[in-house]
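Bear in mind these aren't lab numbers, they're just calculated from the coordinates by the rules spelled out. Since this is a predicted model, take the numbers as computed values, not measurements. Cβ sites come from the backbone with ideal geometry, for glycine too, and all protein chains shown count toward neighbours.
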Amino acid sequence: MIKLFKNLTKKEIVYALICIVLVSLNVWLELRIPDYMSAITRLVQTEGSQMINILEQGAYMVGCAFASLLSLIIVGYFASKVASSFSATLRKKVFEKVENMGLAEIKKFSTSSLITRTTNDVTQIEMLISLGLQAMIKAPIMAVCAVFKILNKGFEWSILTAVCVAIVLFVVAALMIIVLPRFEKVQKLIDKINGVTRENLSGIRVIRAFNAENYQTNKFKNVNDELTETQLFNQRCFAIMSPIMNLVMQALTLGIYIIGANLIQKAGMLDKITLFSNMVVFSSYGMQVIISFLMLAMIFMMLPRAEISAKRINEVIDEKISVIEGTFDGKTKETGTVEFKNVSFKYPDADEYVLKNISFKVNKGETIAFIGSTGSGKSTLINLVPRFYDATEGEVLIDGVNVKDYTSEALHNKLGYVPQKAVMFTGTVEDNVAYGDNGKGDIPLTKVKEAIKIAQGTDFVEQMDGEYNAHIASGGTNISGGQKQRLAIARAIARDPEIYIFDDSFSALDYKTDATLRKELKKYTNEATNMIVAQRIGTIINADKIVVLNEGTCVGVGTHKELLKTCEVYKEIALSQLSKEELDNA
């Protein structure tokens, strides 16, 4: 928790100090009120007292109450500013850290957990600060000052108050021991419920198509019930605290008056007035002590959960990034070259290598394609170029420079990447295609239109309501898979990169659109390097170089015709898709 608070800004620290000063003033003002009550009690019982003196003490008492109220309002305002500002800072730090994470780190935490840590966990810290700057500071100061105020008022009353405080502390400690382990479980269950909900929403079409609503409902119900039961247990435990606190407070008041009555009965006339005055003051201060510990108990209810949330947030912030950014600015003599030198790769914590000793080079203006059976490592290989993962062994060079030496911005400005699963963002068609300026400033609408035309998307875009300003829903749920792929391809074209990476990006297109798109793309990108992962032979048949992968190993490199003669794996794939006559005429 303390480590997390090191992220407080100077402004937030100043606001927190103002809160501490004002809370201290508030405590002093509240502790003065019983003194004025004591003075009024003595004046009422003393013969010859003037009404003006009683009213004067009453005015001081009302003034203290009003000043106390005003100070609390100001404290609430500044505490809210500190809490909201600090939570905004935390969310930003977590978000920026996640943006810089490699795929390995994101998979380690899981998407649903990262969402919870950015939202619910930060909210727990925000609530603690907001209430803590008021109750957490006020309670101990109030308790200590009230204890000092009553020390000399009566030994018997002091013993009674000490016993009541001990009972309160015992109850709080017992609850913390029982409930604390369950708070961590609650946060993990929130991760699970986020994951199930997210899975349900993203897979809604499949769920409905397979009539699996009941299965998903039961899956959600299991997690939801477990979370509910855990939360109910925690809340039931804390529900015990309120009646116990009320019982202790009432017992303290009753005890003070019983002891006071016995003391007054045995005392002389002059001592009776003093004892009665002390009893009134002690009753007020005793209640202040119990209320202070009650406020601390409320904080202790929130503190364990906030502590766990702080730990989870720190885990994200302190996570070591596996893909460390280089310092090279990207200015090279070569342009558009990609070379793999004896590259091997295995996923973190995995025993088996996914890629083994891969070597090839492609030059500017050339097209290199990667083909192989499912799970042969094609997408993994292509992901090493933009550094979604780093090669375990060997080197990946772009323009003669190791990708590890580039800054992220310089490396990605050289690339136009089209992922296997087309990703659309909430916004317009233009927003999605002009996404990322490639270090060259904003992409104009004319460029967007040209890119969409090359990607064979003009027809469907211009039929949409609003055309290039047409709305695209989150994830592109209001357009088809083929339309998403074409917009994703247009997004890469609009960047005018040195190197295009197509990770099985033509799979949702029909053969005619695929052929036309590749023809137009070849004209437009003849000066750029093309790297294509594909399942269809027809997509890569005219590539300058084809790399054939089988179980992570390169089993053939060459043109289509060369591989038909020299590579048995390629020949099997080709014959499974095209007839021998079609291959001969290709």
Computed helical MRE - 222 nm, the chain, DSSP H runs ≥ 4 contributing -39500 (n - 2.57), nearest 500: -21500 deg cm²/dmol
Restricting to DSSP loop positions (anything but H, G, I, E, B) with no more than 13 other Cβ atoms inside 10 Å of their own Cβ, which trypsin sites (Lys or Arg not before Pro) remain in segment 294-327? LYS320
Sequence order, segment 185-202: Karplus ³J(HN,Hα) from phi using 6.51 cos²θ - 1.76 cosθ + 1.60, θ = phi - 60°, Hz rounded, Gly and Pro as x, gives 5, 4, 5, 5, 5, 5, 4, 5, 5, 5, x, 5, 5, 5, 4, 5, 6, 6
Residue-wise HN-Hα coupling along segment 420-433, computed from phi with Karplus coefficients 6.51, -1.76, 1.60 (Hz; x: Gly, Pro): 4, 10, 5, 10, 10, 10, 4, x, 9, 4, 4, 4, 6, 7
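What percent does the relative contact order of the chain come to when contacts are Cα pairs within less than 8 Å and at least six residues apart?
14
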Return one number: the angle in degrees, 0 to 90 and rounded to the nearest 10, between the long axis of the Cα atoms of helix 269-317 and the longest principal axis of the Cα atoms of the chain. 10
Which of the three applies to the chain, rounded, prolate or oblate, going by the alpha-carbon gyration tensor with a ≥ b ≥ c and a/c under 1.5 meaning rounded? prolate
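Show me the ranking of peptides 168-179, 353-364 by mean Cβ neighbours inside 10 Å, starting with the highest.
Descending mean neighbour count gives 353-364, 168-179.
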Measuring from label point to label point, each 7 Å out along Cα→Cβ, what is the ARG236 to GLU99 span in nm? 4.6
Report, to the nearest 10°, how far helix 445-454 tilts away from the longest principal axis of the Cα atoms in the chain, using its own Cα long axis and a range of 0 to 90°. 50
